[in-house]
1. Pairs, please: C-beta under 8 Å, at least 6 apart or cross-chain, first residue under 13 Å from TYR157 (Cα atoms) and in region 269-288, second more than 10 Å from ligand 2 (Cβ to nearest atom) and part of a helix (DSSP H, G or I)?
2. Which members of region 38-57 meet the condition of being surrounded by fewer than 18 Cβ atoms within 10 Å (Cβ to Cβ) and closer than 24 Å to TYR20 by Cβ?
3. I need the full set of residues from region 20-45 which are in contact with a helix residue (DSSP H, G or I) (Cβ under 7 Å, 6 or more places away or on another chain) and charged (D, E, K, R), in order please.
4. If you take the residues of region 224-251 that are in contact with a strand residue (DSSP E or B) (Cβ under 6 Å, 6 or more places away or on another chain) and among the small types (Gly, Ala, Ser), which of them is farthest from ligand 2 (Cβ to nearest atom)?
5. If you take the residues of region 278-308 that are within 12 Å of ligand 2 (Cβ to nearest atom) and small (Gly, Ala, Ser), which of them is farthest from VAL229 (Cα to Cα)?
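Please treat every number below as a calculation from the coordinates, not as lab data. Just so it is clear, the model here is predicted, and its values are computed rather than measured. Note that each Cβ is placed from the backbone with ideal geometry, even for glycine, and that neighbours are counted across all protein chains shown.
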Amino acid sequence: MEKKNIDWANLGFGYIRTDYRFVSNYKNGAWEEGALTENADVVINECAGVLQYAQTIFEGMKAYTTADGRIVTFRPDLNGERMEQSAARLEMPVFPKEKFVDAVLKTIKANEAYVPPYGSGATLYVRPFMFGSDSVIGVKPSEEYQFRVFTTPVGPYFKGGVKPLTIRVCDFDRAAPRGTGHIKAGLNYAMSLHAIVDAHKQGYDENMYLDAATRTKVEETGGANFLFVTKDGKVVTPKSDSILPSITRRSLVQVAREYLGLEAQEREVYLDELKDFAECGLCGTAAVISPVGKVVDHGREICFSSGMTEMGPVTKKLYETLTGIQMGTIKAPEGWVVEVK
Ligand code: PLP
Ligand code: COI
């Protein structure tokens, strides 16, 4: 199979149309089998549930070329499980996780020519999503849905690759206690747009959201969880019911403990504690691990000792181990790496 003629090393995080996508419709209480199509356009009624009341959920994952030339993806079962939970919370029919994994693998395989080569720094981003497709005018769930998976080759989520980011403590809240912060609903991202545009205008790379109830605890950013390293080398990551249960973060906690022999704590993290950490990073499928050099809290600068020029040493070890597992140079725990055949 011949790869597409793409400048892999200079890709940003954007949409490039690839050849195939998977589509399955839900009608009369059942999902149809679904199939690959070349048609990237979606045609729906003006009154569709997704357009009126934002009834839409999604997932984000990646396909990688390993050092020995195989195409793999990372823990797709966990994305399938999370999508089931997102669907249940928004009164959408569950697209079963086994069918989800099958659809993802089929879509990656069909777009094999777009999976960036090993060592290029790029990956194939995979975006499964589902939305209410029939008309609703009273506030109620749709009766019909569409599940789709498309792919797009991507480079780093943050411009500048691994250059440490500067983020600000955000005055807007991302998620309410007992709200929808723990699921991957489009609405969580719509409401973050004003905050991110404003952060960029003020010269910051991202927002640090605090817990809405007390505004004393660190939650996450608009698209990634936080990870901190203490001065004595412990990994600490915020625990909260209103953040997205990041698959990258859950994997990194296991990597820290089992591969690097580090203590890893999942616990509440107070804004007041930030000054005591040595390193900070954002973790997620898109972000991988992006180092944070500085957090600004209304003019007060909290600088991590790892500095503004490179990743801290523990963050770097975590990054190298995780990406080594994903790219096949480090042995993965059972079931983490799934080959696309
Ligand atoms: N938090 C938010 C709000 C996200 O959108 C994402 C991206 O999926 C993450 C965290 C990271 O989750 P994961 O590691 O599963 O990609
Ligand atoms: C991901 O990391 O896959 C996400 O969905 C985050 C998004 C902000 C791109």
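1. Close Cβ pairs (under 8 Å, with a partner that is more than 10 Å from ligand 2 (Cβ to nearest atom) and part of a helix (DSSP H, G or I)) amount to CYS283/ARG249; CYS283/LEU252; GLY284/ARG249; VAL288/TYR319; VAL288/LEU322; VAL288/THR323.
2. GLU38, ASN39, ALA40, ASP41, VAL42, VAL43, ILE44
3. Selection gives ARG21 alone.
4. SER246
5. ALA286
Here is a yes/no grid of residues against (1) crowded, with 19+ Cβ neighbours inside 10 Å; (2) more than 16 Å from ligand 1 (Cβ to nearest atom):
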| position | (1), (2) |
| --- | --- |
| SER86 | yes, no |
| PRO96 | no, yes |
| PRO116 | yes, yes |
| ALA122 | yes, yes |
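Okay, residues lined up against (1) closer than 21 Å to ASP102 by Cα; (2) free of Cβ contacts under 8 Å to residues at least 60 places away in the same chain:
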{"site": "ASP19", "(1), (2)": "yes, no"}
{"site": "ASN39", "(1), (2)": "yes, yes"}
{"site": "VAL42", "(1), (2)": "no, no"}
{"site": "GLN52", "(1), (2)": "no, no"}
{"site": "GLN55", "(1), (2)": "no, no"}
{"site": "GLY60", "(1), (2)": "yes, no"}
{"site": "ASP68", "(1), (2)": "no, no"}
{"site": "ASP77", "(1), (2)": "yes, no"}
